[in-house]
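Trainee: Starting off with a structure, shown below.
The values are calculated or read from the model by the stated rules, or taken from the named source; none is laboratory data. Bear in mind that the values here come from a model prediction, so they are computed numbers and not experimental data. Here the Cβ positions follow ideal geometry from the backbone for every residue, glycine too, while neighbour counts run over all protein chains shown.
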Amino acid sequence: MPSLSRSQCQALDDSDPLAYHRSEFALAPGLLYFDGNSLGPRPHAATAAAIDVVDNQWGKGLIGSWNDAGWFDLPQRLGRKIGMLIGAGDGETVVTDTTSINLFKALSAAIQIQRKRDPRRTVLVTERDNFPSDIYIAQGLAAFLDQGYEVRLIDEQLPLASALGDDVALVSLSHVNYRTGAMYDMAQTTEQIHNAGALAIWDLAHAAGAVPVDLRAGDADFAVGCTYKYLNGGPGSPAFIWVAKRHQNTFWQPLTGWWSHTSPFDMADSYTPAHGISRYLCGTQPITSMALIEPGLDISLSAPMDHVRAKSIALAELFISLVEEHCPGLDLTLITPRSAEERGSHVSYFHPHGYAVMQALIARGIVGDYREPGVLRFGLTPLYMRYVDVFDAVAALREILLSRAWDQPQFLKRNAVT
Ligand SMILES: *Cc1c(COP(=O)(O)O)cnc(C)c1O
């Protein structure tokens, strides 16, 4: 079946129910942004929020803003909004710290719960193809715990079913793989993990705001995720952590800073954890950065997820079919699952000169990114992307590959951040 023409793409844009949201983001004319899965663009409303938090709340309100501007409750208030996007119940999510730090807390709490139930469970399972920080945090925690704790990596040789022995304490997986875009069936996989007596920790970095997530229906135990990717919270904006109600008060996480205390301003000389999700905080929050998350969340909350998902699938189908039709024999290998149910919201291709090809695309204002080894990654973000963007990007990709325009010194030189 032939893929769409540019005018057919234009017609899809004209009837797109999400098209309005593009005007809510600052995007330079002519820029085709395929990297919202790594750093979402700035909502226009974030500028007003920045001025308010810096000029008014900090500048004028000073210390009083901890009470008067709602700073103290900001992690819980924003957590409630994120909770609505990931199928959380009330009081199950807070915004705080980084995804890596939150993962450390979640893994530690899960280990503590399992120690009580069955101390022989000393294996932390994660995936060789997981985001490196997720592997490193598990390795760091196992080394810190010592006492026989170890990390077991699943891969093609050792699939999850074979890794789930009666020594496994927890399984930590990314819902959507950062490199390939492959997506787990959360409910089915969590059930498999629970049937083996282990706890399930989900990293939603490439899922929150991108695909339907229902943590409660999926019976997950813990979850963490970013706000600066599909949620458009700004560079390095604080992350979130979700803990199932049934676990919240069973154990506490080891970063027992005063913000996780039941009454921080008692200044007590011993630790009593807060009741509920607040015990997953640690210290004073980065308020100026955290305040900028809300505008992006409000946009996501105003866009029905079934529309977002339908458009994400349509954009991916369009990308893949255009490449199949226009780029045969040009050394591109799709590494993203071909079936929509097994895919998140980006598409990735291997090319032997992937890095240089991506630099040549970026030089033409088509911004995706590169991930080792040899992977061109294209984020598909339905809130502000157009079908014609996909058409134009694939046309440029074809031209760059056909003409070998990537084969120039300025495109071969590696930057620190790829
Ligand atoms: C982006 C990403 C992270 C980033 O973690 P930080 O602590 O924010 O650097 C972690 N895990 C996954 C799966 C990611 O995609």
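Trainee: With the requirement that a residue be among the hydrophobic types (A, V, I, L, M, F, W, C) and not in a strand (DSSP E or B), what does region 5-34 give you?
Mentor: The answer is 9, 11, 12, 18, 19, 26, 27, 28, 31, 34.
Trainee: Can you name every residue in region 355-383 that is over 16 Å from the mean Cα position of the chain (by Cα) and in a strand (DSSP E or B)?
Mentor: Those that are over 16 Å from the mean Cα position of the chain (by Cα) and in a strand (DSSP E or B): 366, 367, 370, 375, 376.
Trainee: Okay, next question. I need the full set of residues from region 81-99 which are of a type outside the set (A, V, I, L, M, F, W, C) and not in a strand (DSSP E or B), in order please.
Mentor: Across region 81-99, the qualifying residues are 81, 83, 87, 89, 90, 91, 92, 96, 97, 98, 99.
Trainee: Next question. Hey, can you tell me all the residues within region 1-37 that are of a type in the set (A, V, I, L, M) and either over 22 Å from residue 323 (Cβ atoms) or without any contact (Cβ under 8 Å) to a residue 60 or more places away in the chain (or both)? First the steps, then the outcome.
Mentor: Residues of region 1-37 of a type in the set (A, V, I, L, M): 1, 4, 11-12, 18-19, 26-28, 31-32.
Scanning region 1-37 gives 11, 18, 19, 26, 27, 28.
Trainee: Now, a different point. Test residue 278 against the criterion of being at pLDDT 95 or above and closer than 25 Å to residue 81 by Cβ, and give yes or no.
Mentor: Details: at pLDDT 95 or above: yes; closer than 25 Å to residue 81 by Cβ: yes.
For residue 278, the condition - at pLDDT 95 or above and closer than 25 Å to residue 81 by Cβ - is met.
Trainee: Restricting the search to region 90-135, which residues are polar (S, T, N, Q) and within 13 Å of the ligand (Cβ to nearest atom)?
Mentor: Within region 90-135, 96, 98, 99, 100, 102, 126, 130, 133 meet the criteria.
Trainee: Restricting the search to region 268-283, which residues are loosely packed, with under 14 Cβ neighbours inside 10 Å and touching a residue at least 12 places away in the same chain (Cβ under 8 Å)? Spell out how you get there, then give the answer.
Mentor: At the first step, the residues of region 268-283 found to be loosely packed, with under 14 Cβ neighbours inside 10 Å are 268-271, 275, 283.
271, 275, 283 - these are the residues of region 268-283 that are loosely packed, with under 14 Cβ neighbours inside 10 Å and touching a residue at least 12 places away in the same chain (Cβ under 8 Å).
Trainee: Something else about it: Only one of (1) part of a helix (DSSP H, G or I); (2) over 27 Å from the mean Cα position of the chain (by Cα); (3) touching a residue at least 12 places away in the same chain (Cβ under 8 Å) fails for residue 406. Which number is that?
Mentor: Of (1) part of a helix (DSSP H, G or I); (2) over 27 Å from the mean Cα position of the chain (by Cα); (3) touching a residue at least 12 places away in the same chain (Cβ under 8 Å), only one is false for residue 406: (1).
Trainee: Name the residue that is farthest from the ligand (Cβ to nearest atom), counting only residues in region 237-267 that are surrounded by 19 or more Cβ atoms within 10 Å (Cβ to Cβ) and of a type in the set (Ser, Thr, Tyr).
Mentor: The qualifying residue farthest from the ligand (Cβ to nearest atom) is 260.
Trainee: If you don't mind, another one. Could you list, in sequence order, all residues of region 206-236 that are surrounded by fewer than 24 Cβ atoms within 10 Å (Cβ to Cβ), away from the ligand (no atom under 15 Å from the Cβ) and either in a strand (DSSP E or B) or not small (Gly, Ala, Ser) (or both)?
Mentor: 212, 214, 216, 219
Trainee: Same structure, new question: So, of the residues in region 89-103 that are over 16 Å from the mean Cα position of the chain (by Cα) and of a type outside the set (D, E, K, R), which turns out to be surrounded by the most Cβ atoms within 10 Å (Cβ to Cβ)?
Mentor: Per the stated criteria, the residue is 91.
Trainee: Checking the structure you have, find out if any residue of region 275-295 is at negative phi, in contact with a strand residue (DSSP E or B) (Cβ under 7 Å, 6 or more places away or on another chain) and not in a helix (DSSP H, G or I).
Mentor: yes
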